[in-house]
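This report refers to the structure that appears directly beneath it.
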Amino acid sequence: MEFLREFWLFMRTRKRYWLYPLLILLLLLSALTILTTGSALAPFIYSLF
Amino acid sequence: MKKRIWLFKGLALLLPLLALALAEGLLRLFGYGHDYRLFVDDPQRKGYLIMNPHASERYFTETENATVGNFEPFRQKKSEGTFRIFVLGESTTIGYPYFHNGSFHRWLHYRLLHTFPGRNFEIINLSLTAVNSYTVFGFGKQLIEYEPDAVLIYTGHNEYYGAMGVGSTSSLGGHPALVRLVLKLREFRLMQLLNRTLAGVRKIASGGTVDLRENLMKRMAADQQIPYGSDTYQTGIDQFKTNLNDLCQLFSERRIPVLISNLVSNEKDLKPFISAPGTTEKSAQYQYSLANQAYTSGHFREAKQRFSRAKELDLLRFRAPEAINQVIRALAAHYPNVTEVDAKAVFERNSPNGILGKETLLEHVHPNLYGYALLSDAFYEALKKKRLIAADWKNEISFDQVRKQMPITPVDSLKGVFEMMILKEGWPFNERMPPEEKRAKTVEEQLAGALVVKQISWRDAMDQLLAHYQKVNNPQGALRVTEALSLEYPYEPGFYEQAGKLSLNLNQHEQAVWYLKKAFQLEETFSTAQSLFITLLKLDRPDEALVYLRYAAAHNETKFSLNELQTFVEQLVAVKNRYLTDTTNVLMSNQLAAGYLKFANTAGAAKYVAKSLRTDPRNAVALQLKSQLQAIKNESE
């Protein structure tokens with residue numbers, strides 16, 4: 001119990017240890033998604049294939 | 001204390017991953033998103049698998065644009081003696097604009113079924129319109145565990161503008177490793193959520209304005225012209241090479257035979273979509289004009305070269321460059337279990353002066369029905385050459401035969417015609433639709449029209465066409481539709497039985513036996529067994545008839561005993577086996593004729609009377625049997 005309380009306190013005070021990785025991961029995933037996004041016009045040519 | 005701090009730091013760093021895992025778990029628990037694996041259980045048929053309707057969503061940024069393919073069921077556990085083929089590729093591979101039995105794999109299926117009547121074939125087409133080598137690779141690598149006996153591939157036209165193509169993907173399109181990573185990540189529901197959120201944001205940011213299709217197309221063309229030899233051009237080829245090479249390597253390691261066809265494009269009857277201006281060597285339009293001049297003057301070799309050059313220089317890369325065919329050739333040379341199917345050569349042999357055009361192709365890349373038959377022929381011949389199914393192809397059916405017999409209905413071919421009219425009316429073809437003829441439309445035209453605009457399904461169209469043919473007493477037409485349905489739904493015994501009975505009415509006994517046997521294989525019924533033994537006795541195949549007669553006698557649904565007939569046929573088989581060792585024995589041929597006559601099998605009786613009279617033209621018993629036969633014939637007339 002004591003351990004969890006201390007861990008909670010650590011998390012509250014040093015957010016960079018968990019918040020930054022979370023943000024970086026989400027940003028990375030979003031960047032990958034955006035960079036591999038199909039052109040907005042692509043669907044219109046699908047009827048040709 | 002210091003130790004504890006380090007522990008907290010480590011745990012804190014792990015926490016985001018745990019949070020993501022938790023979010024993923026919750027999304028799955030509440031049924032958000034889709035499972036993208038290639039096959040799912042067939043809801044209609046226990047023990048069978050079908051292609052997952054969501055499998056393609058992984059390759060499309062906007063999942064609502066994801067194309068859907070065929071749902072061809074196959075057994076979860078491959079039965080002994082079954083030859084299982086998977087087909088991978090794009091719109092040509094799935095038979096656009098005909099689909100269904102117009103597709104090359106159905107032509108091939110039909111021909112293989114008739115070449116090897118005793119074998120079971122499962123040909124599962126996993127192709128989709130608008131996809132390219134990323135999808136072929138993604139689907140292909142999942143096939144290993146499904147015991148393929150061969151994999152057929154026809155792909156390469158969509159490397160630039162298809163889903164994840166270099167011309168249609170924002171920035172990372174040309175980096176296969178990154179694209180594959182993103183495709184892998186899309187399996188996670190969290191990524192699917194992120195994808196949808198970003199799509200929603202894009203929609204809001206664009207203000208939800210709807211642009212006209214025509215304008216969008218023109219803008220796209222201006223944005224995405226890909227000059228011959230440019231970086232983007234090369235990236236497309238490299239992407240194709242990476243994906244196909246990795247797939248061939250994977251299949252090679254498992255010793256799975258792969259047959260890849262080279263690609264065909266319209267050379268002669270399609271002017272370049274977009275050309276560099278002027279009269280330089282780099283102008284596609286200029287090359288095309290010179291090609292036409294050479295063609296008109298009868299300089300076909302020069303014309304062929306210039307038509308091909310015009311295609312290569314076309315800035316709108318809807319037709320695969322020749323470099324793609326070179327990649328295919330190199331793969332076949334590198335991997336021993338990979339075979340190049342030279343469809344291009346087959347098309348050239350069947351085109352005037354060896355130049356591909358409207359004789360085999362509908363527009364830029366899609367074959368017409370004759371073209372699809374040719375494509376299937378190229379694969380059929382390659383399978384034969386590789387002796388993959390059997391060493392001996394003694395019952396082979398010719399290309400002309402398959403063209404004559406293939407159950408393509410008028411609705412199927414008209415659907416292709418109408419679909420083309422609509423396609424060519426728009427960009428980038430911009431061809432005027434021919435004026436509508438002022439006459440009442442035939443039933444076939446009405447059904448094909450309704451099919452094109454998706455008012456009815458193919459199944460409904462076939463059902464209505466069958467009803468129409470039955471109403472107007474067109475048994476040939478009804479048979480063709482029923483055959484078409486049996487090819488589309490190979491696990492429904494009713495269509496085989498119906499095709500068998502319709503064949504019987506048309507006195508096509510061999511064909512009737514083929515269909516009835518298929519029906520009996522799927523579902524043993526008294527009615528099918530009865531039709532089978534009667535027809536087989538008519539065809540003088542008593543040993544085969546006996547199998548079905550025994551079944552019919554054991555499951556007799558009539559008030560007449562079949563036991564006497566069974567005993568007779570057993571004797572007949574014995575006499576016939578003896579007769580086959582001495583075919584000049586008139587006593588035995590008369591015995592066989594009399595036996596058949598006893599059960600009013602005039603066809604069987606006549607055959608043996610003729611044999612007796614050939615050996616002994618004055619044989620009294622044979623002459624008497626002949627007059628009996630004549631009397632029966634006169635009576636029936």
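Coordinate-derived values only; no laboratory data. Predicted model, so just to flag it, every value in this text is computed and none were measured. Positions of Cβ are generated from backbone atoms using ideal geometry, with glycine treated the same way; all protein chains shown enter the neighbour counts.
Kirkwood hydrodynamic radius of the protein assembly as shown, from the reciprocal of the average inverse Cα-Cα distance over all distinct pairs: 29.3 Å. Per-residue mean of foreign Cβ neighbours for B:123-131 is 2 (Cβ atoms of other chains, 10 Å radius). Ranked by the mean number of other Cβ atoms within 10 Å of their residues, highest first, the peptides B:241-253, B:414-426, B:22-34 come out as B:241-253, B:414-426, B:22-34. The base-10 log of I(q)/I(0) for the range B:400-442, evaluated at q = 0.21, 0.27, 0.32 Å⁻¹, reads -0.81, -0.96, -1.09 [Debye formula, identical scatterers on Cα atoms, solvent excluded]. For q values of 0.07 Å⁻¹, compute log₁₀ I(q)/I(0) with the Debye formula on a Cα-only model of chain B, without solvent. The Debye formula, applied to the Cα set alone, gives -0.58. Hydrodynamic analysis of the range B:217-314 uses the Kirkwood radius over alpha carbon pairs. Inserted into Stokes-Einstein at 20 °C and 1.002 mPa s, it gives a translational diffusion coefficient of 136 µm²/s. The mean number of Cβ atoms from other chains found within 10 Å of a Cβ in peptide B:7-16 is 6, as a whole number.
Along the positive direction of the dipole of the protein assembly as shown (beta-carbon charges: Lys, Arg +1; Asp, Glu -1; about the Cα centre), which of B:TYR596, B:MET462, B:ASN505 reaches farthest? Going by the charge dipole, the pick is B:MET462.
Annotation: the antiparallel percentage among DSSP beta bridges lying fully within chain B is about 25.
Taking every residue in A:20-32 and counting other chain Cβ atoms within 10 Å of its Cβ, the average works out to 4. The charge dipole of the range B:337-430, taken about its Cα centre with unit charges on the Cβ atoms of Lys, Arg (+1), Asp and Glu (-1) only, comes to about 240 debye.
Close amide H partners of B:LYS358, meaning residues 5 or more places away or on another chain with modelled amide H under 5 Å apart, are B:ASP269.
Per the Cα gyration tensor, the range B:408-491 maps to an equivalent ellipsoid with semi-axes of 27, 16, 10 Å, ordered largest to smallest. Taking amide H positions as modeled 1.01 Å from N, with prolines and chain starts lacking one, the residues under 5 Å from B:THR339 and 5 or more places away or on another chain are B:VAL258, B:LEU259, B:ILE260. Each residue of the range B:62-68 is assigned a 3J(HN,Hα), and the resulting list reads 9, 4, 5, 8, 4, 7, 10 Hz, derived from the Karplus form 6.51 cos²θ - 1.76 cosθ + 1.60 (θ = phi - 60°), x at Gly and Pro. For the peptides B:36-47, B:432-443, the ranking by packing is B:36-47, B:432-443, with the highest mean count of neighbouring Cβ atoms within 10 Å listed first.
Projected onto its three principal axes, the C-alpha set of the range B:1-158 covers 80, 36, 27 Å, listed from the longest axis down. For the cross-link pairs B:LYS9/B:LYS184; B:LYS344/B:LYS386; A:LYS15/B:LYS3, the ones whose C-alpha atoms lie over 22 Å apart are B:LYS9/B:LYS184. Amide H contacts of B:PHE39: B:ASN52, each under 5 Å away and 5 or more positions distant or on a separate chain (H built 1.01 Å from N in the peptide plane; Pro and chain starts excluded). In this structure, the residue pairs whose Cα-Cα separation is over 25 Å, taken from B:LYS304/B:LYS385; B:LYS576/B:LYS598; B:LYS311/B:LYS384; B:LYS78/B:LYS518; B:LYS404/B:LYS626, are B:LYS304/B:LYS385; B:LYS311/B:LYS384; B:LYS404/B:LYS626. Karplus-based coupling profile of the range B:413-421, in residue order and whole Hz: 6, 5, 4, x, 4, 5, 4, 5, 4, with θ = phi - 60° in 6.51 cos²θ - 1.76 cosθ + 1.60 and x standing for Gly or Pro. Karplus-derived 3J(HN,Hα) values for the range B:188-204, using 6.51 cos²θ - 1.76 cosθ + 1.60 with θ = phi - 60°, are 6, 5, 5, 5, 5, 5, 4, 4, 5, 5, 5, 5, x, 4, 4, 5, 5 Hz; glycine and proline are entered as x.
Basic side chains Lys and Arg get +1 at the Cβ, acidic Asp and Glu get -1 at the Cβ, and with that the dipole of the protein assembly as shown about its Cα centre reaches some 1480 debye. Could you compute the FRET efficiency for B:ASN507 and B:VAL68, with r as their C-beta to C-beta distance and R0 at 51 Å, rounded to 0.05? The calculated FRET efficiency here is 0.75. Computed extension gain for B:LYS384 through B:ALA23, at 0.36 nm per residue and net of the alpha carbon distance, reaches 124.7 nm.
For B:ASN353 and B:LEU198, the FRET efficiency from 1/(1 + (r/R0)^6), where r spans their Cβ atoms and R0 equals 45 Å, is about 0.30. Using a cutoff of 8 angstrom between alpha carbon atoms and counting only pairs six or more residues apart, the relative contact order for the range B:1-81 works out to 20 percent. Judged by the mean number of other Cβ atoms found within 10 Å, the most tightly packed of the peptides B:225-232, B:508-515, A:7-14, B:555-562 leads the ranking B:508-515, B:225-232, A:7-14, B:555-562. The B:ASP231 and B:LYS424 beta-carbon pair, evaluated with R₀ = 45 Å, returns a calculated FRET efficiency of approximately 0.90. B:LYS438: which lysines have alpha carbons under 21 Å from its alpha carbon, excluding same-chain residues fewer than 8 sequence positions away? Reachable lysines: B:LYS415.
Straightening the chain between B:GLU147 and B:LYS77 buys 24.3 nm, computed as 0.36 nm per residue apart minus the Cα-Cα spacing.
Model label sites at B:SER636 and A:SER30, defined 7 Å from Cα along the beta-carbon direction, differ in position by 8.2 nm.
Taken about its Cα centre, chain B carries a charge dipole of roughly 960 debye when the Cβ of each Lys and Arg holds +1 and the Cβ of each Asp and Glu holds -1.
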